[in-house]
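Structure record follows, encoded as structure tokens.
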Amino acid sequence: RREGGAPADELPAHRVVLAGVSDVLRAKFAGHFGDAAGATWEPEVGAAAAWQWTLRWMYGYEDPLPPALLVEVLLLADHFQIESLSAGIAAYPLDEIAEEVVHELLQAWACPEALVMLARRCVPQVVHSEEVWRRMW
């Protein structure tokens, strides 16, 4: 539990902030979806660590995006159509972390078009890595 009694995996956020960066979330909270009336909202995708970083980004914190979260945060940004976050990740320097990103790509919970951009940039850099091939096969 966190201070104040909230469960450790519960991340407080204002719906107006979520809706301000995502048309998908704006529709969920303002439309006739069941999410609009509930006191809390539980996302159906994404790990708590990825959501925690994404929420901090939404609130203006400038924490660097850990390479281990890059793929999952991109998936959240793509899924919820958070265009400014997707654009920031597309510009992320990958030269020094390409192998780690490839590992994360192989473990991703989905493989939408958004990941193709990362794969095209990272896979050629590590195609001869024994570690990558061992994890793939």
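Values quoted throughout were computed directly from the atomic coordinates according to the rules given, and no laboratory measurement underlies them. As the structure is a prediction and not an experimental result, all values here were calculated from the model. Please note: Cβ atoms are built from the backbone with ideal geometry, for glycine as well, and neighbour counts cover all protein chains shown.
General remarks:
- Estimated FRET transfer efficiency when R0 is 22 angstrom, pair GLU83-HIS128 (beta carbons, to 0.05): 0.05
- Neighbour net charge for VAL73 - beta-carbon separation under 13 angstrom, K R +1, D E -1: -3
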